[in-house]
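Novice: Below: one structure in C-alpha cells.
Any read-out appearing in this document is the output of simple, stated calculations on the displayed coordinates, not a laboratory observation. Nothing here was measured: the structure is a model prediction, and the numbers come from that model. We place every Cβ from the backbone using ideal geometry, glycine too, and count neighbours over all the protein chains shown.
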Amino acid sequence: MITQVRLKQVVQYDPKTGVFRWIKDRAPMKSGEIAGCINSAGYTVIRIDRKLYTANRLAFLYMTGAFPEKGSVIDHINSKKIDDRWENLRKIPYGANTQRGKQRKNASGFRGVLWCKQSNKWQARLKKDSRSKHLGYFDCKIAAAKAYNKEAVIVYGKHAALNKIGAKNA
C-alpha cells in the first residue's frame, strides 16, 4: 500500500483542479504530464509502483496522509467521477454512498416510494446494507416520500440522499 511520502515523490496534486502530474520522467510519461487515465467505470485511475489507485482515493491520501478507514469511501459530491478537486471530495460511510436514485420504472417519481398493488397504496422503504426496511403504506405519494426522507436522515445523517418535495410533485 502506498504512503503519502511515496505518493508525493511520484506525483504532484493540484487540489483546485483535481489533476495529478508526474514529478519525474517515467517512461513513457514525461515530467509535468497529467497522470492517469479513465477506467471503464468512469473513474480516473493512476498506476504507481505496479498498483492501480483511483485518483479520488489518492487525493485523500495526498491531503490527509491516510486512506479512509474501513467502512468509509471517498465520494464525489457532484457525482462526477472524474472531478477530483479537493472541494468536491468527502469521506462518507459506505452505506450512504450506495443510496440509489429513483429507478427508471418508478411511477412515484420519488426515491424509496413505490406503488403496492396488494394494498392499493404507496409504500415507502429504505435500503441499507443490502436490506430493505419497510417504512409503511400511505394514501399519498408525498407522505411516503416524507417518511423516506425522515428515515434517511436518521440512517445516513447529513449524507442522506433526500427526495425533493415541492409544488410540482403534488
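Novice: Can you give the direction-averaged projected area of the convex hull of the alpha-carbon atoms in segment 4-95, in nm²?
Specialist: 6.0 nm²
Novice: Please check which bits of segment 1-35 a label hung off residue 86 would reach, taking the label as a point 7 Å along Cα-to-C-beta and the cut-off as backbone N under 12 Å.
Specialist: The answer is 13-19.
Novice: Something else now. Could you list which residues have their amide H under 5 Å from that of residue 72, counting only those 5 or more apart in sequence or on another chain, with H placed in the peptide plane?
Specialist: Answer set, sorted by chain and number: 94.
Novice: Length gain on complete extension for the stretch residue 133 to residue 118, per 0.36 nm per residue less the alpha carbon to alpha carbon distance?
Specialist: That works out to 3.6 nm of additional length.
Novice: In degrees, nearest 10, range 0 to 90: what is the angle between the Cα axis of helix 55-64 and the longest Cα principal axis of the chain?
Specialist: The answer is roughly 70 degrees.
Novice: Also, quick follow-up: Principal axis lengths of the chain from Cα atoms, whole Å, largest first?
Specialist: 66, 27, 25
Novice: Still on this model: Each residue of segment 27-41 in turn: what ³J(HN,Hα) in whole Hz from Karplus with 6.51, -1.76, 1.60 and θ = phi - 60°, glycine and Pro shown as x?
Specialist: Whole-Hz 3J(HN,Hα) from phi for segment 27-41: 3, x, 7, 9, 3, x, 6, 5, 8, x, 8, 8, 8, 5, 8.
Novice: Taking the Cα atoms only, what angle lies between the long axis of helix 141-156 and the longest principal axis of the chain, rounded to 10 degrees?
Specialist: The angle comes out near 40 degrees.
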